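The values are calculated or read from the model by the stated rules, or taken from the named source; none is laboratory data. All values reported here derive from a predicted model rather than from experimental measurement. Here the Cβ positions follow ideal geometry from the backbone for every residue, glycine too, while neighbour counts run over all protein chains shown.
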Amino acid sequence: MELACHVTNITHLPPGGLLGVTWEHTPPPGAVLQAAHAIGSLDYRGNLLPGPGYSDRLDSGVMSLTRVQPNTFKLHLLKTQEVDMGQYGCSVSAWVQDRQGAAGKLSESLSPPLTVTWTPKRPSLSVAAQRVREASVGGATFEMSCTVASQNLEEAAYSVLVQSQESVDSSNPVIGYVVPRLEPDDVAYEVSWFFARLRGDSTPSLLAEVSRYGVVRKELRNSSSDVSLERRDDNTYQLSVHGTQDSDSGEYHCSATPWYLSASTGSWTQAQELNSAKVFLTVRFAVWESLKQPLLYGAAASLGVGLFSLVLGLVCAHCCCRNTMHTPRSRNKLMDLEMD
């Protein structure tokens, strides 16, 4: 479905004027919510601002807001649902910027409502089992086929359950079943790691979390240690504690919230939160191992300073002794006087 919003009398817009648009939707009569709500808007700078409840559809591309011409805006909806029926309208606002770059709204105009409706087609599903190969004797191979006929279903995935029944009164033992496999792009997880100390307040505190978009957020810690959260594969998220201290001893656990992508609607659905079992971490420090290196450094430094002081003292003493040695008086003058 595609809707267009045309702006008339655009020539009356002052020089440097800009346009912004907001699309609104009003559910049809009989719906739970009758009030109009915003789908999204394009401001005068061209920034997309999703409305409440439409972020997932806009992010996935199922719904888009574009500006194709200076006076034409379009709303695209792919894989429409029954909740999309109702009345649509666009609100266009005119803006102008001053010399400082600040924008001010000049006017705003709302279009007449446009009713969008269609006859819903309910999905139907039928299944038929047929014999492919009969087993006439014991040990022979028996084959059967299961044919599924569907209407008004797009990109459907099926689960198959095969049962056998010997008589009318007997139970139906399950021979086997097949369930559809989820692709990695069809499921996303929100994962959070929590920590609780063994002593004192036992209330778990959030360490780090990763959103279903892959954004990691860490909480501030009153410790010299640090944590990191890494996704190792499709279903594994690893928490690492760097520079562990005694205060890091305690209970750790994680919680995961799956989000599933609907093949028919293209929207994401949040599933129930799952909590893991608790993991206990105990940090113990060996006294000698922790003090050995500082003691060796201190002893080496003390020995070096002592040797340097000893050598410096010997050099100074040697120099002082040479300067204060007694010099004998010359007897040449006395000998000259005696000869006279």
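Would you check if Thr66 is among the hydroxyl-bearing types (Ser, Thr, Tyr), modelled with pLDDT of 90 or more and under 33 Å from the mean Cα position of the chain (by Cα)?
no
Name every residue in segment 61-72 that is out of contact with any His (no Cβ under 8 Å at 6 or more places or on another chain) and surrounded by fewer than 16 Cβ atoms within 10 Å (Cβ to Cβ), in order of residue number.
Within segment 61-72, Gly61, Arg67, Val68, Gln69, Pro70 qualify.
For residues that are among the β-branched types (Val, Ile, Thr) and in a loop (DSSP other than H, G, I, E, B), tally how many sit in segment 239-261.
Matching residues across segment 239-261 total 1.
Are there any pairs with C-beta distances below 6 angstrom linking a residue in segment 268-279 that is in contact (Cβ under 8 Å) with a residue 24 or more places away in the chain to a residue that is surrounded by 11 or more Cβ atoms within 10 Å (Cβ to Cβ), with the two at least 6 apart or on different chains, and if so which?
So the pair list comes out as Trp268/Asp56; Trp268/Trp259; Trp268/Leu261; Lys278/Glu251; Lys278/His253; Val279/Tyr252.
For segment 1-19, how many residues are outside any strand (DSSP E or B) and either of a type in the set (D, E, K, R) or surrounded by fewer than 18 Cβ atoms within 10 Å (Cβ to Cβ) (or both)?
Residues in segment 1-19 being outside any strand (DSSP E or B) and either of a type in the set (D, E, K, R) or surrounded by fewer than 18 Cβ atoms within 10 Å (Cβ to Cβ) (or both): 10 in total.
Kindly check whether there is at least one residue in segment 146-168 that is among the small types (Gly, Ala, Ser), without any contact (Cβ under 8 Å) to a residue 24 or more places away in the chain, surrounded by fewer than 10 Cβ atoms within 10 Å (Cβ to Cβ) and not in a loop (DSSP other than H, G, I, E, B).
no
Please find, within segment 20-59, the residue that is surrounded by the most Cβ atoms within 10 Å (Cβ to Cβ) out of those that are part of a helix (DSSP H, G or I) and out of contact with any Phe, Trp or Tyr (no Cβ under 6 Å at 6 or more places or on another chain).
Per the criteria, the residue is Arg57.
Output the residues belonging to segment 102-122 that are part of a strand (DSSP E or B), surrounded by 10 or more Cβ atoms within 10 Å (Cβ to Cβ) and out of contact with any helix residue (DSSP H, G or I) (no Cβ under 9 Å at 6 or more places or on another chain).
Selection gives Ala103, Lys105, Leu106, Ser107, Glu108, Ser109, Leu110, Leu114, Thr115.
Can you find even one residue in segment 128-150 that is of a type in the set (A, V, I, L, M) and either under 30 Å from Gly89 (Cα atoms) or modelled with pLDDT under 65 (or both)?
no
Just to be sure before I move on: is Leu77 modelled with pLDDT of 85 or more, assigned by TED's automatic domain parsing to the domain that holds Leu110 and closer than 16 Å to Ser262 by Cα in the structure I sent?
Against the criterion (modelled with pLDDT of 85 or more, assigned by TED's automatic domain parsing to the domain that holds Leu110 and closer than 16 Å to Ser262 by Cα), Leu77 qualifies.
Can you tell me which residue is modelled with the highest pLDDT among those in segment 224-255 that are under 20 Å from Phe280 (Cβ atoms) and among the acidic types (Asp, Glu)?
So, considering only residues that are under 20 Å from Phe280 (Cβ atoms) and among the acidic types (Asp, Glu), the one modelled with the highest pLDDT is Glu251.
Within segment 110-119, can one find any residue that is of a type outside the set (A, V, I, L, M) and closer than 13 Å to Tyr44 by Cα?
No - not one qualifying residue is present in segment 110-119.
Would you say Gln97 is in contact (Cβ under 8 Å) with a residue 12 or more places away in the chain and closer than 23 Å to Ser267 by Cβ?
no
Could you tell me whether any residue of segment 123-140 is surrounded by 10 or more Cβ atoms within 10 Å (Cβ to Cβ) and farther than 20 Å from Val162 by Cβ?
yes
Could you run through segment 228-263 and say how many residues are among the β-branched types (Val, Ile, Thr) and under 16 Å from the mean Cα position of the chain (by Cα)?
2
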